[in-house]
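Chemist: Quick one: the structure is below, questions incoming.
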Amino acid sequence: MLEIRNLKCYYGRIRALSGVSLSVDQGEVVSLIGANGSGKSTLLTAISGLLPGWRGELLFEGESLAGLPPQEVVARGISMVPEGRLIFGALSVMDNLRLGAYLRIRKRDHFGVRQDLDKVLSIFPVLKERAGQDAGTLSGGEQQMLAIGRALMAKPRLLLLDEPSMGLAPKVVKQIFSTLSMLRDEGLTILVVEQNAQAALAVADRGYVLETGRMVLTGRAADLLEDEEVKRAYLGKDYAQFTEGRA
Ligand code: ATP
């Protein structure tokens, strides 16, 4: 479904990605893990059309995403939940959700939008309770749910998530990732970027490990969770967090 070949991304003269390849098949959850600054967000930003000037190949359903502006990428069926949520704090929860569907509202798909709104509110009942509340007053976990709900309102076939666990308590992280599992079971394809390797690999079919702009490892998520190098570099802190969450 998504095929990335030899992707190179630049910020001015700085090369943030040095020839990265990655694929996501229809119906899969794929996790991309890596430390701070390894280039994870850069990869998602390039897919989303927010970082022009990359080189290599970015194909979605066999067609190149080269030169497409972000709204066209969304129209093709790719939505992103950005790092730090980036919800509109002064707007209500409901207005944030509607904004996610703006392209569909423009096309007068009012019935479809209504249906998906009901669906999002049933996935995240707390958003229904807070529908009229300013989004900026939600808790971190609720804001993450809102950001996911807003992305779903565009009716994507591929959902990209940039560090959905960031700053959240272990219990909320579990809830977010079990929602991703549920969405995958319903047929959504997901690419999630994370520093929390344990949470991200636990729900994934396959994983990739990025280090300073290069892909250093890939494989089945279950195998990566057992990989000594991955355990040493990425799982120490997360295991502790998870044990704490279970207490
Ligand atoms: P984090 O987990 O901290 O978000 P990341 O893996 O998502 O990190 P990126 O944000 O993609 O990493 O950054 C990759 C590299 O590109 C880093 O060295 C970073 O300093 C650099 N970089 C990112 N954004 C810019 C920018 N706007 N201008 C210049 N350099 C940037």
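The values are calculated or read from the model by the stated rules, or taken from the named source; none is laboratory data. Model, not experiment: these values are computed from the prediction. All Cβ positions, glycine included, derive from the backbone under ideal geometry; neighbour counts span all protein chains shown.
Chemist: So which residues in segment 23-54 are more than 14 Å from the ligand (Cβ to nearest atom) and closer than 17 Å to residue 163 by Cβ, if there are any at all?
Modeler: Once the filter is applied, which keeps residues that are more than 14 Å from the ligand (Cβ to nearest atom) and closer than 17 Å to residue 163 by Cβ, segment 23-54 yields 29, 30.
Chemist: Give segment 24-54 a look and list any residue that's small (Gly, Ala, Ser) and over 15 Å from the mean Cα position of the chain (by Cα), or say none.
Modeler: Taking segment 24-54 as the starting set, the residues that turn out to be small (Gly, Ala, Ser) are 27, 31, 34-35, 37-39, 41, 46, 48-49, 53.
If the condition is that a residue be small (Gly, Ala, Ser) and over 15 Å from the mean Cα position of the chain (by Cα), then 35, 37, 38, 53 are the ones that fit.
Chemist: Given (1) within 16 Å of the ligand (Cβ to nearest atom); (2) over 27 Å from residue 205 (Cα atoms); (3) within 19 Å of the chain's Cα centre (by Cα), identify the lone condition not met by residue 10.
Modeler: Against the list (1) within 16 Å of the ligand (Cβ to nearest atom); (2) over 27 Å from residue 205 (Cα atoms); (3) within 19 Å of the chain's Cα centre (by Cα), residue 10 comes up short only on (3).
Chemist: Within the set of pairs 6+ apart or on separate chains, which have a first residue in segment 139-163 that is within 21 Å of residue 195 (Cα to Cα) and assigned by TED's automatic domain parsing to the domain that holds residue 204, a second that is within 16 Å of the ligand (Cβ to nearest atom) and part of a helix (DSSP H, G or I), and C-beta atoms under 6 Å apart?
Modeler: Pairs that qualify, where the first residue is within 21 Å of residue 195 (Cα to Cα) and assigned by TED's automatic domain parsing to the domain that holds residue 204 and the partner is within 16 Å of the ligand (Cβ to nearest atom) and part of a helix (DSSP H, G or I), are 160/44; 162/41; 162/44.
Chemist: Which is away from the ligand (no atom under 16 Å from the Cβ), over 27 Å from residue 22 (Cα atoms) and either among the polar types (S, T, N, Q) or in contact with a strand residue (DSSP E or B) (Cβ under 9 Å, 6 or more places away or on another chain) (or both), of 65, 103, 91? Break it down into steps so the answer makes sense when it comes.
Modeler: Details: 65 fails: over 27 Å from residue 22 (Cα atoms); 103 fails: either among the polar types (S, T, N, Q) or in contact with a strand residue (DSSP E or B) (Cβ under 9 Å, 6 or more places away or on another chain) (or both).
Residue meeting the stated conditions: 91.
Chemist: Here is a follow-up. Criterion first (away from the ligand (no atom under 12 Å from the Cβ), at pLDDT below 95 and within 20 Å of the chain's Cα centre (by Cα)) does residue 60 satisfy it?
Modeler: Against the criterion (away from the ligand (no atom under 12 Å from the Cβ), at pLDDT below 95 and within 20 Å of the chain's Cα centre (by Cα)), residue 60 does not qualify.
Chemist: Taking the stated definitions as given, is residue 77 surrounded by 14 or more Cβ atoms within 10 Å (Cβ to Cβ), touching a strand residue (DSSP E or B) at 6+ places or on another chain (Cβ under 8 Å) and within 21 Å of residue 26 (Cβ to Cβ)?
Modeler: So residue 77 fits the description; yes.
Chemist: Among the residues of segment 19-36, is any within 29 Å of residue 141 (Cα to Cα), modelled with pLDDT under 95 and small (Gly, Ala, Ser)?
Modeler: Within segment 19-36, one or more residues are within 29 Å of residue 141 (Cα to Cα), modelled with pLDDT under 95 and small (Gly, Ala, Ser).
Chemist: Another one. Just need a number here: residues in segment 41-54 that are outside any helix (DSSP H, G or I) and farther than 12 Å from residue 16 by Cβ.
Modeler: Residues meeting the conditions: 4.
Chemist: Then there is this: Cβ-Cβ below 6 Å, separation at least six or inter-chain, first residue in segment 3-26 and in the same structural domain as residue 208 (by TED's automatic domain parsing) and among the basic types (Lys, Arg), second within 14 Å of the ligand (Cβ to nearest atom) and assigned to a strand (DSSP E or B): which pairs?
Modeler: Partner pairs satisfying both residue conditions: 8/17.
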